[in-house]
Each structure stands twice: as structure tokens, then as C-alpha cells.
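Colleague: Next up is a structure, given as C-alpha cells.
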Amino acid sequence: MTGEPRLSHTAALILQAVNAGYVYGFSVMEVTGLPSGTVYPAMRRLERDELIRSHWEQQSIADAEQRPPRKYYKLTRVGNTTLEASRKRYPLLTKLIPSTEVESI
């Protein structure tokens, strides 16, 4: 066994979405079709497990666009490695959400 976490399909789909450039919660919901009650708790778990990192955008940017601030997510190196393993386990991931190979932090 490799020591890499084995993700649920939902968690793998969320990692794939973040990797493909859907970097805030609502965009992940739109591309995956998953509800907020699934996406946000899963993203908190992925962040707790250090597979993704987050940061809030500046309030001035949100104010200029007349919306609440967004929390942006990015895969960590471990998250990227875990995603690669998940693509082998769930081969349809890349067909559901094509990857743009965003650089991990």
C-alpha cells in the first residue's frame, strides 16, 4: 500500500475540479453538479488533510464586483499526488472535468 489517502469519488471529483481551474466553492458546485452541503464539507476535509489550501480574496475585489469575498482553493503537492492516484482509481475523472495541469503549491 502506498500511504496515499484513498479518496471517495466525490472528493476526487472536487480535487479534479480545483486542479482544472475551478478554484472557489460555487464554481466547483457548478462544474460537478454537487450541492453546497456536499462540496463545502468535503473541501473542509480536504483542507484539513492538507490536500488543498485556501485563502480569501481581498475585500476590495469583492466590493468592486458587488459580491461577498470568495475563498480560493489550490492543490498542494500532496493533493496533486493524491489526485494522480485517484485518476487511476477513477479513470472517468479526466473525462468529466478535463485537467489544465495547474501548478500545485
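The values are calculated or read from the model by the stated rules, or taken from the named source; none is laboratory data. The structure presented is a predicted model; accordingly, all values stated were derived computationally and were not measured. Cβ atoms come from the backbone with ideal geometry, glycine included; neighbour counts cover every protein chain shown. Accessible surface areas use protein heavy atoms only, side chains included; no ligands, DNA or RNA. Shrake-Rupley method; radii C 1.70, N 1.55, O 1.52, S 1.80 Å.
Colleague: Using modelled amide H (1.01 Å from N, peptide plane; none on Pro or chain starts), what sits under 5 Å from the amide H of residue 52, excluding residues fewer than 5 places away?
Modeller: 47, 76
Colleague: When ranked by the protection proxy of mean other Cβ atoms within 10 Å per residue, highest first, what sequence do the peptides 59-67, 13-21 form? Spell out each step's value before the answer.
Modeller: Working: 59-67: 10.0, 13-21: 24.4.
Sorting 59-67, 13-21 by mean packing, highest first, produces 13-21, 59-67.
Colleague: Rounded to whole Å and sorted largest first, what semi-axes of the equivalent ellipsoid does the C-alpha gyration tensor of region 28-80 yield via the square root of 5 times each eigenvalue?
Modeller: Values: eigenvalues 97, 47, 16 Å².
Sorted largest first and rounded, they come to 22, 15, 9 Å.
Colleague: Write down Rg/Rh for region 1-53, rounded to two decimals, with Rg from the C-alpha atoms and Rh from the Kirkwood relation over Cα pairs.
Modeller: On the way: Rg = 10.7 Å, Rh = 11.2 Å.
Using Cα coordinates only, the ratio equals 0.96.
Colleague: Using every Cα-Cα pair within the chain, state what percent have a distance larger than 23 Å. Intermediate values should be presented prior to the final figure.
Modeller: Numbers: 1224 of 5460 pairs.
Result for the distance tail: 22 percent.
Colleague: Now for a different question. Kindly report the accessible area of the chain per residue (heavy atoms of protein chains, probe 1.4 Å, no ligands, DNA or RNA), in Å². Can you show the working numbers first?
Modeller: Values: 6410 Å² over 105 residues.
Averaged over the residues of the chain, the accessible area is 61 Å².
Colleague: What value, in deg cm²/dmol to 500, does the helix sum -39500 (n - 2.57) over DSSP H runs of n ≥ 4 give at 222 nm once divided by the residues of the chain?
Modeller: Details: 6 runs with 55 residues, N = 105.
About -15000 deg cm²/dmol.
Colleague: For residue 71 and residue 49, compute 0.36 nm times the residue count separating them, minus their Cα-Cα distance, and round to one decimal in nm.
Modeller: Working: separation 22, 0.36 × 22 = 7.92 nm, distance 1.74 nm.
Full-extension gain reported as 6.2 nm.
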